[in-house]
Amino acid sequence: MDAFWMPFTANRQFRQTPRLLASAEGMYYRDVEGRQILDGTAGLWCCNAGHARPRIVEAVARQVATLDFAPNFQMGSPLPFVLAERLRAIAPRPLDHVFYTNSGSESVDTALKIAIAYHRARGEGQRIRLIGREKAYHGVGFGGISVGGLPNNRKWFGPGLPGVDHLRHTLDIERNAFSRGLPQHGIELAEDLERLVQLHDASTIAAVIIEPISGSAGVVLPPPGYLQRIREICTRHGILLIFDEVITGFGRVGEAFAAQRFGVTPDMMTVAKGLTSGCVPMGAVFASTGIHDAFMQGPDNAIDLFHGYTYTGHPLACAAALATLDTYEEEGLFQRAVELEQYWQDGLHALRGPNVVDIRNYGLIGAVELAPQGAPGTRGYQVLERAFRKGLLVRVTGDTVALSPPLIVERRHIDDMFSMLGEVLSEV
């Protein structure tokens, strides 16, 4: 097992006690020993329509036999255009243009580059500063780790991009512990942006990037009005607002996108994961009409954006995405997070007990934060390992256990999920 250097994994520890998944269908994985594993994390926040859905499988199989690859540099094929229209139809206005990537990390770096180039195209080339947030995860590219705010993702790789600053995060367990839904305290933290504007001058700031709900940091929620206030400040100062919806997109919180559930429209939006329900790697950046049109200047034969990837708009990914959108629509999956939100919340908060210091939830996202035991992350890893052996897949960040099941989840699955997790929590 030495040849595969696994990502975000304690490789030596994993090789001693491997957790190997062999197949998946619906709400369940099976491991190499044939045991059924209930998927409590939609794979990795991505399999929103569940696993091995027939429509998606058949669409990819047909596509690979029809057109396995087509270049999108000065060429094209039909499916990326068809998919872009479908995506525009479910996005908030005026996010009417779609640039394809292959992952959330690429989506973030693409959005940051577009933001800086947009200001340059408008004659404000001095706007090169980027504002992220503490505890944020925006992928693993140099742009993403620079605006991100997770120390371990940053400290090993040098200083990152210059001209980056960070807002404070909104996780406040002391005031908001065991909130049901959005926490009530912390809207004043949005004023951090005004402080940074005064420090750096608005004329130097290109964009602010925020996860509406931070997933990888352990489900960090915005207080009511926080995102609206960030939007107001950005608008006043001519700063672009980017929502990173790689996790919250495609039904996770009860609308197609969190921007719609929270009633706040950014200037750009990054997505991936649920775009294809994890079936084929794909990401995208939604850009407003104003941003797009700023690049459509000069001679018609001039390249308007010097950026892209070999696999931008890959035919297999487009086929998977179109079939995924069909599945979401036909089964009403974007509404599931609202329909089940109260049941999910009640079951999650019933896990409150010894060594549980906080529980957070919104839509079909949940987190149980545990008191550390010895070295940070020790108790969290015990939960990950024991839950898997009982038949439940969870996601762990340090000592925070995160849950985000496929949107096809039913009440019986939620009951099983919290029953197994409750047993594990009583053991650790």
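The values are calculated or read from the model by the stated rules, or taken from the named source; none is laboratory data. These numbers were taken from a predicted model, which means no experiment stands behind them. Every residue, glycine as well, gets a Cβ built from its backbone with ideal geometry; the counts of neighbours run over all protein chains shown. Note: accessible area is taken over every heavy atom of the protein model, side chains too, but ligands, DNA and RNA are not part of it. Shrake-Rupley method; radii C 1.70, N 1.55, O 1.52, S 1.80 Å.
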Practice item. Mind putting a number on the dipole of the range 113-196 about its Cα centre? Charges go on the C-beta only, +1 for Lys and Arg and -1 for Asp and Glu, and I need it in Debye to the nearest 20. Key: 380
Exercise for review: Would you mind telling me which residue in G278, G158, G225 has the biggest mean-square fluctuation in a Gaussian network model of the chain, where springs connect alpha carbons within a distance under 10 angstrom?
Suggested key: G158
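State to the nearest 20 debye the size of the charge dipole of the chain about its Cα centre, where the only charges are +1 on K and R beta carbons and -1 on D and E beta carbons.
Values: 40 positive and 46 negative charges, 128 e Å.
In total the dipole reaches around 620 debye.
With all protein chains present, how much of the accessible area of the range 349-428 (probe radius 1.4 Å) comes from carbon and sulfur, to the nearest whole percent?
Values: 1440 of 2900 Å².
Here it works out to 50 percent.
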Review point. How many angstrom lie between the C-alpha centres of the range 69-133 and the range 344-385?
Key: 36
Study note, to complete from the structure: A convex hull over the alpha carbons of the range 44-96 yields, per residue, a volume in Å³ of 137
**Study point:** Calculated SAXS-style log₁₀ I(q)/I(0) at q = 0.18, 0.25 Å⁻¹ - the range 21-110, Debye, Cα scatterers
**Key:** -1.10, -1.27
Review point. Mind checking which of S203, S288, S105 has the largest fluctuation in a GNM of the chain, springs on alpha carbons under 10 Å?
Key: S203
Exercise for review: Distance between Cα centroids, the range 181-218 to the range 282-336: provide it in whole Å.
Suggested key: 27
Practice item. Give the residues of the range 268-288 whose amide nitrogen is closer than 18 Å to a point set 7 Å from the Cα of D68 in the direction of its Cβ. Key: 280-281
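With both partners inside the chain, how many of the DSSP beta bridges are antiparallel, as a percent to the nearest 5? All intermediate terms of the calculation are to be shown ahead of the outcome.
Details: 31 of 47 bridges.
DSSP beta bridges in the chain are roughly 65 percent antiparallel.
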Point to revise | Value of relative contact order over the chain, rounded to a whole percent, pairs C-alpha under 8 Å and six or more apart | key: 22
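Given 0.36 nm per residue, what is the gain on full extension from R168 to D304 after removing their alpha carbon distance, in nm?
Numbers: separation 136, 0.36 × 136 = 48.96 nm, distance 3.55 nm.
Between R168 and D304, full extension yields 45.4 nm more.
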Study note, to complete from the structure: Within the set S103, S77, S146, GNM on the chain using Cα springs under 10 Å gives the largest fluctuation to S77
Revision key, fill the gap. In the chain, lysine pairs 8 or more places apart or on different chains with C-alpha atoms under 25 Å apart total 5
Point to revise | Surface accessible to a 1.4 Å probe, Y28 within the full protein complex, Å² | key: 50
Exercise for review: With unit charges on the beta carbon (Lys/Arg positive, Asp/Glu negative), name the residue among Q260, V60, S146 whose Cα is farthest towards the positive pole of the charge dipole of the chain.
Suggested key: S146
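Rounded to whole Å and sorted largest first, what semi-axes of the equivalent ellipsoid does the C-alpha gyration tensor of the range 270-428 yield via the square root of 5 times each eigenvalue? Don't skip to the answer; put the middle values down first.
Details: eigenvalues 317, 76, 44 Å².
Three semi-axes, in Å: 40, 19, 15.
Quick check on the chain: helices-only [θ] at 222 nm, where DSSP H runs of length 4 and up contribute -39,500 (n - 2.57) each and the sum goes over total residues. Nearest 500, please. Intermediate values should be presented prior to the final figure.
Numbers: 17 runs with 161 residues, N = 428.
Mean residue ellipticity, 222 nm, calculated: -11000 deg cm²/dmol.
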Practice item. Can you work out the accessible area per residue across the chain, with the rest of the protein chains kept in place, probe 1.4 Å, in square angstrom? Key: 43
